[in-house]
Amino acid sequence: MPSLWESMSPTLSPTIFLWKKSSHSHATLLGERRRRSDVKSISTIPGAPALAQSNVSTAAASRRWVLVAGTGSQVGVPQEDIRAARAVGEELARNRYGLVTGGWHGVDYMVTEAFVNTLNCLSLDPKEHLIQVVQPGRNAFREVGHVVRTPYGPLEWLEPQKYADALVLIGGQGGTFDAWLGALHDGMPRFPMGGTSGDAASAFKKTSDLWELIPVPGIRKSDFEILGTPIRSESDARVVAEHLVAKLLPAALNAVDAVARSDSDGAASLFISYSRKDSDWVSRIRTLLRPAERRGLVSTWADTDIRPGSQWEEDIKDRIERSQAALLLMSNDLLKSSFVRKMEIPAFVNKVKKSPSQFRLFWLLLETCPWQEIPELGQFQSVGSTSQAIKDAPTPADAQCRLLEAVEEILREIPRNDPQLV
């Protein structure tokens, strides 16, 4: 008899989860994907918050990215899928989430259209809220937002997950179920709308059947099961979409964040140094690093993480001391910062000299600027090209691809606290 995992997918290896029973007698997901051959021991850590305790501010939601995958047909999309796609797109935009899609006709186009129209009503820029990951030769919806090209191949279904914090499934005809398996494998919060057709309905049933073993983190089964409500009208779709976006998503994302904070022993700490005027770029880089954070490979820190009332200068010094790497986002405004030039950069250079095998200094040319004014940078190889700054990329898609390349280079070179996690 095939194992549970073999019956679900012939290609994906099992996911190792750390979990414990809560007082509500449901399993709370506590761990992230690790290679089975590398895991030598498993220990439990404190549980994640329950749904009723969670809340996410508008500002926090704006830094979260949700992948919506579903029926990719140009014709014959079931009415329940159409209603759900439009309602979810509207709710994600109203709550200031970022949307990731695969750019297919059908659900991808429908959710994107509703999302972009709602953003326009709210006077929000799609470039800051939308990523479309599409194959060569296919057109993204209106070519708006950040359009990222990815080659055809067996992983094209999973490529958009690099950019997302959570997955929502609406309908689907095969590839959508693969996306659910990929999210399950990576420990990503996943929300199949069981009241829609095809893959989403199948994934909803699988999730419900496996709940005691592999729940969606941070939420109760009874709250999850509302996603199985039949969507017979636009009113049904709105009710389910509001429940998903206002309650389930923030609860699950808070739970994953709690795990990342608790399970940080093996994660390399990356300190991000930047100008406040470039804070949007910091958010984009941290979004691209989130899959690695979920796997326990890295944790990121920037001064926006300083809590109100803290002694900010002492916090920064402490974080530099505890970090294994630093990333400088070079721009004209950064060069004008006396604090960065007189305190942060000398501290980074001293750490490299003191422990060259345990600390890395990375720098990225974000904006064309006289970076040579900081002679110490000449000792360190930049991530990405110094011949063209990221902001000078010909299109937003090119800029996004170059950011992803820089992130992948950092992950290859950053020192590890625990080689088992590589």
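The values are calculated or read from the model by the stated rules, or taken from the named source; none is laboratory data. Please read these numbers as outputs of a predicted model, since none were measured by experiment. Note that each Cβ is placed from the backbone with ideal geometry, even for glycine, and that neighbours are counted across all protein chains shown.
For Ala60, are the conditions met, namely being at pLDDT below 50, assigned to a helix (DSSP H, G or I) and either more than 23 Å from Arg149 (Cβ to Cβ) or of a type in the set (Phe, Trp, Tyr) (or both)?
yes
Residues that are in the same structural domain as Ile320 (by TED's automatic domain parsing), closer than 26 Å to Asp318 by Cα, in a loop (DSSP other than H, G, I, E, B) and modelled with pLDDT of 85 or more are absent from the range 391-399 altogether. No other residue among Lys336, Lys247 is under 30 Å from His146 (Cα atoms) and over 23 Å from the mean Cα position of the chain (by Cα) apart from Lys336. Suppose the filter is outside the structural domain of Glu159 (by TED's automatic domain parsing), loosely packed, with under 15 Cβ neighbours inside 10 Å and of a type in the set (Ser, Thr, Tyr); does Ser355 pass it? Here the answer is yes, as Ser355 does meet what is asked. Taking the stated definitions as given, is Gly137 in the same structural domain as Phe204 (by TED's automatic domain parsing), touching a residue at least 24 places away in the same chain (Cβ under 8 Å) and not aliphatic (A, V, I, L, M)? So Gly137 fails the test. Which ones in the range 212-226 are among the hydrophobic types (A, V, I, L, M, F, W, C), closer than 16 Å to Asp186 by Cβ and modelled with pLDDT of 90 or more? Hit for the range 212-226 is Val216, nothing else. One residue alone among Glu367, Glu409 is buried (at least 20 other Cβ atoms within 10 Å of the Cβ), under 30 Å from Ala140 (Cβ atoms) and modelled with pLDDT of 90 or more, and that residue is Glu367. Annotation: of all residues in the range 172-219 being among the charged types (D, E, K, R) and not in a loop (DSSP other than H, G, I, E, B), the one that is farthest from Pro78 (Cα to Cα) is Asp186.
Screening the range 412-422 for residues that are surrounded by fewer than 17 Cβ atoms within 10 Å (Cβ to Cβ) and at pLDDT 75 or above and picking the one that is nearest to the chain's Cα centre (by Cα) gives Arg412.
For the range 373-380, state whether one or more residues are over 25 Å from the mean Cα position of the chain (by Cα) and under 29 Å from Gly296 (Cβ atoms).
Yes; the residues of the range 373-380 include at least one that is over 25 Å from the mean Cα position of the chain (by Cα) and under 29 Å from Gly296 (Cβ atoms).
Return the only residue of Thr300, Thr304, Thr287 being assigned to a strand (DSSP E or B) and either closer than 21 Å to His129 by Cα or in contact with a helix residue (DSSP H, G or I) (Cβ under 7 Å, 6 or more places away or on another chain) (or both).
Values: Thr304 fails: assigned to a strand (DSSP E or B); Thr287 fails: assigned to a strand (DSSP E or B).
From the options Thr300, Thr304, Thr287, the qualifying one is Thr300.
Within the set Leu167, Leu119, Leu124, the sole residue that is part of a loop (DSSP other than H, G, I, E, B) and in the same structural domain as Ile231 (by TED's automatic domain parsing) turns out to be Leu124.
Of all residues assigned to the range 307-321, at least one qualifies as being under 27 Å from Val66 (Cβ atoms) and surrounded by fewer than 21 Cβ atoms within 10 Å (Cβ to Cβ). Remark: pairs (first residue in the range 261-279, under 17 Å from Ile345 (Cα atoms) and surrounded by 18 or more Cβ atoms within 10 Å (Cβ to Cβ); second residue modelled with pLDDT under 65 and not aliphatic (A, V, I, L, M); Cβ separation under 9 Å; 6+ apart in sequence or on different chains) = Ser269/Asn417. The single residue among Pro136, Pro126 that is surrounded by fewer than 17 Cβ atoms within 10 Å (Cβ to Cβ) and over 26 Å from Ala292 (Cβ atoms) turns out to be Pro136.
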